[in-house]
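Structure, as C-alpha cells:
The values are calculated or read from the model by the stated rules, or taken from the named source; none is laboratory data. Source: prediction; values computed, not measured. Positions of Cβ are generated from backbone atoms using ideal geometry, with glycine treated the same way; all protein chains shown enter the neighbour counts. We work out accessible area using only protein heavy atoms, side chains counted, and drop any ligands, DNA or RNA first. Shrake-Rupley method; radii C 1.70, N 1.55, O 1.52, S 1.80 Å.
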Amino acid sequence: MVLLSFKRPQNMDRIVRTCLAARFVGKVVVSNNNPEVDLREWLTIESDRLQLIRQPRPTPPGSRLAIARETGGQYFISIDDDAFLAPGQLDRLYRALLADPHAPHGFQGQNWERSGGGELGGAIRSEGRVDVLNRAYLFTEAQLAECERLGAALDLGPLDAIRNGEDILLSCSGSARPYVHDVGPVLECATSNDAGIAVWRSIGFEAPRIELYRRLRELKPLDPA
C-alpha cells in the first residue's frame, strides 16, 4: 500500500487506519511529499506494518510508482488522500485484481471522448472498463514494470519526477483497459473539489494529461472492449 500526503495531512491517520484494518495489506508506506508539514503530528497510529518516508523536497505524484518499485511486491494499492475507502471496499477491489490481474483496477475512472481534439470525460462509477483510473489504483508488479517501459519510451524521465499523469501511465500499463467496480458510496474529503488544494482544479492541469494519453494510446493501443 502506497499513500502520498501533500495538502491533506489531516486525512492520513484515518486512511492509514483503514488500510491497516484490511487483513490482506502487508505493509503501508506513507510518503510525506510536503516537507513543510511534520506528518508525525498527524499520524497517531503505530504499527510495524507502517513506514513513513519524509521527502527532503516537495515531491510530485509520480513518486507513488517509484516507491512501489522500491518497496517491492506482487500486488500494489495506492489511494489518493481525499478518498476514504472502507476495509470491505478495499477487499472488494483487491479480490477483483486477483480475479483478473491483466489490468489495473479501481472504483472511479474516465473515458476518452473523441470530440474535437479529444478530451477525458467526467467521472465514472459503475462496473466495467474505463480508459483512465482516478483516485484509487490496484496494480501488479508486471504493470509497474510496464509503467517504466512506457515512461522510458516516451522519455518522461524518472518515475518520481512525473508531476501530472502518473495515473494515466498506470492506466495504460495492462494488457487491457482498466476496470472500475461499484463498491458503493465512497466517503470523500470536503476539500476534494477545492481550488488551491485539489490538484485537478489547478490551471493548465488537463491539457498535458490529454496529450500524454494520446501519446500512450499511439504507442500502445488497447482493446476498446
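Cβ-Cβ contacts under 7 Å between residues 6 or more apart (or on different chains), taken from a first residue in the stretch 105-123 that is open to solvent by 70 Å² or more (accessible area, probe 1.4 Å) to a second residue that is at pLDDT 90 or above, are listed as ALA123/GLN108; ALA123/GLN110; ALA123/ASN134.
The residues of the stretch 159-185 that are open to solvent by 30 Å² or more (accessible area, probe 1.4 Å), charged (D, E, K, R) and out of contact with any helix residue (DSSP H, G or I) (no Cβ under 6 Å at 6 or more places or on another chain), listed by number, are ARG163, ASP182. For the stretch 47-65, filtering for residues that are modelled with pLDDT under 95 and hydrophobic (A, V, I, L, M, F, W, C) leaves 0.
Against the list (1) outside any helix (DSSP H, G or I); (2) of a type in the set (Phe, Trp, Tyr); (3) open to solvent by 40 Å² or more (accessible area, probe 1.4 Å), the condition PHE76 fails is (3). Filtering ARG23, ARG57 for residues that are open to solvent by 80 Å² or more (accessible area, probe 1.4 Å), under 26 Å from ARG209 (Cβ atoms) and more than 13 Å from the chain's Cα centre (by Cα) leaves a single hit, ARG57. When LEU133, LEU156 are screened for being part of a loop (DSSP other than H, G, I, E, B), without any contact (Cβ under 8 Å) to a residue 60 or more places away in the chain and surrounded by 15 or more Cβ atoms within 10 Å (Cβ to Cβ), only LEU156 passes.
On the stretch given as the stretch 29-46, residues that are more than 23 Å from PHE76 (Cβ to Cβ) and touching a helix residue (DSSP H, G or I) at 6+ places or on another chain (Cβ under 7 Å) total 3. Just one of the listed residues (VAL37, VAL28) is open to solvent by less than 40 Å² (accessible area, probe 1.4 Å), among the β-branched types (Val, Ile, Thr) and within 17 Å of the chain's Cα centre (by Cα), namely VAL28. Candidates VAL25, VAL37, VAL16: the one that is closer than 28 Å to ALA142 by Cβ and in a loop (DSSP other than H, G, I, E, B) is VAL25. Picking from residues in the stretch 160-181 that are outside any loop (DSSP other than H, G, I, E, B) and among the hydroxyl-bearing types (Ser, Thr, Tyr), the one that is farthest from LEU3 (Cα to Cα) is TYR179.
If you scan the stretch 81-99, which residues turn out to be open to solvent by less than 40 Å² (accessible area, probe 1.4 Å) and in a loop (DSSP other than H, G, I, E, B)? Result: ASP81, ASP82, LEU85.
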